[in-house]
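A.B. asks: After the structure tokens below, expect a handful of questions from me.
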Amino acid sequence: MDKYIYPTPSIIRETSQGYQSINICDEMFARREIECVGDIDETTTYSLCQQIRQLAREDECERITIFFNSPGGEVQSGLAIYDVMQAVSCPIRTVCLGMAASMAALLFVSGDERLMLPHSRVMIHDPLIVGGVGGSALELKTISDNLLRTRQVTAEVIAKHTGHGLDEVLEKTSRDSWFEASAAVEWNLADRIITSL
């Protein structure tokens, strides 16, 4: 069973047909609010990209809010979400609840307005190799070259949205760099800390 499957609460509404149970995600979607929770993988990507595109199609000017509480995940999946976020014309506000780490941090910092709750944290680092690595010397070189290219791409995205130089970002991402909310604002990973939603 997926460790990130959460029960979805419902709310009860009285309508002309009596009481109805409404999924809270549907209620949030109607307010143009969506969530990125748990690992970023192809399932998350499919869902988020669909939701962003649909909301942009409904109103290309009204803001979309994405709430983050994620440890990150697959780089290619995250970059697909990033590309969709950049491709739509409506502004996207990102809100960090808990943490936005790794690929989730890259998505969080790319918002048009980036907000953090007081005890939330952001973590940036270089892309990692997941699982065992083996093969011939040429295969290992290909893996290494691809990892370095991915490192460059992700650092360029962070540099673009924070205003820091590429070398400064590469130095910061060479290890796990954690930022409490105030430090994230100071390093321009976020715009401001909020105490109400």
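A.B. asks: Computed from the coordinates I sent, semi-axes √(5λ) of the Cα gyration tensor in Å equals one of (i) 29, 18, 16; (ii) 24, 18, 16; (iii) 32, 20, 16. Tell me the label.
C.D. replies: (iii)
A.B. asks: When Lys and Arg each count +1 and Asp and Glu each count -1, what net charge do the other residues less than 15 Å away from residue 60, Cβ to Cβ, add up to?
C.D. replies: Its environment carries a net charge of 0.
A.B. asks: I need to check one value: relative contact order of segment 32-193, counting alpha carbon pairs closer than 8 Å and at least 6 residues apart, in percent.
C.D. replies: 21 percent
A.B. asks: Same structure, new question: Order these by the 10 Å Cβ neighbour count, fewest first: 149, 93.
C.D. replies: 149, 93
A.B. asks: Report the one residue of 100, 154, 64 whose Cα lies farthest in the direction of the positive end of the charge dipole of the chain (charges on C-beta: Lys and Arg +1, Asp and Glu -1; origin at the Cα centre).
C.D. replies: 100
A.B. asks: Between beta-carbons, use under 15 Å as the cut-off and find the net charge around residue 176, counting Lys and Arg +1, Asp and Glu -1.
C.D. replies: Its environment carries a net charge of +1.
A.B. asks: Based on other C-beta atoms within 10 Å, arrange 119, 161 from fewest to most.
C.D. replies: Ranking 119, 161 by Cβ neighbours within 10 Å, fewest first, gives 119, 161.
A.B. asks: Order these by the 10 Å Cβ neighbour count, fewest first: 46, 82, 19.
C.D. replies: 19, 46, 82
A.B. asks: A follow-up question, please. Once both labels are modelled 7 Å past Cα along the beta-carbon direction, what's the residue 27-residue 144 spacing in nm?
C.D. replies: 5.5 nm
Every read-out reported here was derived from the displayed coordinates using simple, explicitly stated rules and does not represent laboratory data. Being a predicted model, the structure only gives us computed values, none of them experimental. Ideal geometry is used to build each Cβ from the backbone, glycine not excepted, and the neighbour counts take in all protein chains shown.
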